[in-house]
1. Here are some conditions: (1) assigned to a loop (DSSP other than H, G, I, E, B); (2) modelled with pLDDT of 95 or more. K94 meets all but one. Which one does it not meet?
2. Condition (residue is more than 14 Å from the ligand (Cβ to nearest atom), touching a residue at least 12 places away in the same chain (Cβ under 8 Å) and under 28 Å from F60 (Cβ atoms)) applied to region 173-184: is it met by at least one residue?
3. Which residues, taken from region 34-55, are closer than 28 Å to R15 by Cβ and touching a Lys or Arg at 6+ places or on another chain (Cβ under 8 Å)?
4. Specify the residue that is nearest to K70 (Cα to Cα); the eligible residues are those in region 32-53 that are more than 14 Å from the ligand (Cβ to nearest atom) and over 20 Å from the mean Cα position of the chain (by Cα).
5. For region 108-132: of the residues being without any contact (Cβ under 8 Å) to a residue 60 or more places away in the chain and of a type in the set (D, E), which is surrounded by the fewest Cβ atoms within 10 Å (Cβ to Cβ)?
6. Can you give me the number of residues within region 196-207 that are of a type outside the set (D, E), assigned to a loop (DSSP other than H, G, I, E, B) and within 7 Å of the ligand (Cβ to nearest atom)?
7. Which residues, taken from region 267-285, are charged (D, E, K, R) and buried (at least 22 other Cβ atoms within 10 Å of the Cβ)?
8. In region 79-128, how many residues are basic (K, R) and within 20 Å of the chain's Cα centre (by Cα)?
Amino acid sequence: MRSYNNRRKTIIDIRSPKAIIGANSWGSAAYGKLLRGSSVDEATIRKAMDTAKEKDLLIFDLAQDYGLGKAQKMIGRFGTDDIIISAKFTPGKKYVPGQLRKSLERDLSEFRRDHVDIYWLHLPTDIEKNLAEIIALYNEGKIHHIGVSNFDLAECKKAKSILDKAKIPLYGVQNHYSLICREWEQNGVVAWCRENGVLFWAWAVLEEGMLTDPRVKTKGSIMKLIFSGKRKKLRPLHAAMNRVGKRHNITIPQVAEAYCANKGIVPICGCRKPYQVEQLYEAVNTKLSPREMWFFETVADKVNVRILGADVFRFAVKK
Ligand SMILES: NC(=O)c1ccc[n+]([C@@H]2O[C@H](COP(=O)([O-])OP(=O)(O)OC[C@H]3O[C@@H](n4cnc5c(N)ncnc54)[C@H](OP(=O)(O)O)[C@@H]3O)[C@@H](O)[C@H]2O)c1
């Protein structure tokens, strides 16, 4: 399954991405300020996107609510011809036939394109009905790959069997995973993905910025306020990441990114500055030894801190 990038004359294997650029905090200055403590101007975000393209990190992960509804429009303005777009449908509690199609049409107009490369069912709500709509759009060529997000193992199996019947591969599972949140690995989802040739994309590998260097002072934000007590408890882990990271010439957040990549898990990282993209690229090209991986896990288990939790959106799933 290969996607040919005409403009850059580059062959990109959509099946084996090294890392994904998360655009959750693109677009809205208010969102950036509130959640991240600072806003980033459009020129900086555009430069981050250019840096990603230079590094062949061509997949950008989006959803309609990202940047308070502004991220998709922003990337559409920047131009999406030479990148790979990952987008999502977020089902509400009430299934409305045709709503998914309408939502994709809005996405396409915001991206200024006739298709999305990867389309995720964002929550395991009305799985059969929503996947039936996604399959129809896939068959029309408006969606090139299908994934599911925030699904547990039984739900992943159900999605795969629906897609199998339509002779469409399940592209990936996009769930929350990080060094301190490995539940999807412990309960078999990651292994199931591996066995079935399904990619596992990890969102929030930096745990809302809590797996970054505590010595680097950043502006206050809602997230930092909520998690500041827990951040203190993470100090032994930060110290371990710093110590081993130095050996490889990488920073604490890069260790968190490298950890995922060394597991064969694809990290989606919230990058809105060029240096973050450069660091992500270096991180996912860093080889950690099995002993180093074991060491991180041992310290992570010992500090036993939860920031987001594996199944954080379960409350939004229709029962
Ligand atoms: N499928 C889903 O349900 C779902 C849910 C949530 C997120 N996602 C996807 O996952 C992506 C990542 O999640 P996220 O953006 O919430 O959080 P994240 O990537 O875990 O963390 C972003 C934070 O890390 C900081 N950061 C990034 N690179 C850094 C570096 N090299 N050094 C130091 N700090 C660095 C950012 O700093 P600044 O504040 O300075 O920029 C920001 O505060 C999203 O953008 C989205 O695409 C998917």
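1. (2)
2. The answer is yes; a qualifying residue exists.
3. I45, A48, K53 - these are the residues of region 34-55 that are closer than 28 Å to R15 by Cβ and touching a Lys or Arg at 6+ places or on another chain (Cβ under 8 Å).
4. E42
5. D114
6. Within region 196-207, residues that are of a type outside the set (D, E), assigned to a loop (DSSP other than H, G, I, E, B) and within 7 Å of the ligand (Cβ to nearest atom) number 3.
7. The answer is R272, and nothing else.
8. Going through region 79-128 one residue at a time, the tally reaches 1.
The values are calculated or read from the model by the stated rules, or taken from the named source; none is laboratory data. Bear in mind the structure is a predicted one, so any value in this text is a computation, not a measurement. Virtual Cβ from ideal backbone geometry, glycine too; neighbours counted across all protein chains shown.
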